[in-house]
1. Given 0.36 nm per residue, what is the gain on full extension from THR68 to ASN30 after removing their alpha carbon distance, in nm?
2. Taking 0.36 nm per intervening residue step and subtracting the Cα-Cα distance, what contour gain separates ARG98 from SER84 on full extension?
3. Can you list the lysines whose alpha carbon sits under 19 Å from that of LYS86, skipping same-chain ones fewer than 8 residues off?
4. How much solvent-accessible surface does ARG71 expose, in Å² to the nearest 10, with a 1.4 Å probe and all protein chains in place?
5. Taking the solvent-accessible surface of protein heavy atoms with a 1.4 Å probe, what is the per residue accessible area of the chain in Å²?
6. Take the solvent-accessible surface of the protein heavy atoms, probe 1.4 Å, and return the percent of it on the chain that carbon and sulfur atoms account for.
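The values are calculated or read from the model by the stated rules, or taken from the named source; none is laboratory data. On a predicted model such as this, the values are computed, not experimentally measured, just so you know. Heads up: the accessible areas ignore ligands, DNA and RNA and are worked out on the full protein's heavy atoms, side chains in. Shrake-Rupley method; radii C 1.70, N 1.55, O 1.52, S 1.80 Å.
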Amino acid sequence: QVQLVESGGGLVQAGGSLRLSCAASESVFNGNVMGWYRQAPGKEREMVAIISPSKSTYYADSVKGRFTISRDNVKNMLYLQMNSLKPEDTAMYYCAPRTTGWSYWGQGTQVTVSS
């Protein structure tokens with residue numbers, strides 16, 4: 001059974017911080033590169049950050065130096081620490097494996113950054 005449950009979003013002022021969490025089912029999480037993605041209104045979904053099972057990371061240029069992705073391979077949890085938030089970070093955030101053709105998305109968690 002596929003499970004991806006995101007949480008931790010909210011309303012924050014520019015410059016603030018939030019920590020997102022994602023609870024994933026073992027079948028989705030184990031051995032897979034996992035990622036955080038976001039979709040703003042009227043825009044396509046984009047990759048924010050990804051992390052391998054060995055915890056190598058990659059970030060989109062727009063969040064590099066401000067966001068940190070991490071994972072707990074025992075608890076099947078994915079995290080995104082977001083610092084120095086900007087209004088342009090406002091979006092619905094999703095977690096998912098970095099798998100070609102992946103089509104299942106959880107409900108996401110809304111992040112809204114006010115200026």
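1. Between THR68 and ASN30, full extension yields an extra 11.7 nm.
2. 2.5 nm
3. Answer for LYS86, where 19 Å is the Cα cut-off: LYS43, LYS64, listed by chain and number.
4. Per-residue accessible area (ARG71): approximately 10 Å².
5. Heavy-atom SASA per residue in the chain reads 52 Å².
6. Of the solvent-accessible surface of the chain, carbon and sulfur hold 48 percent.
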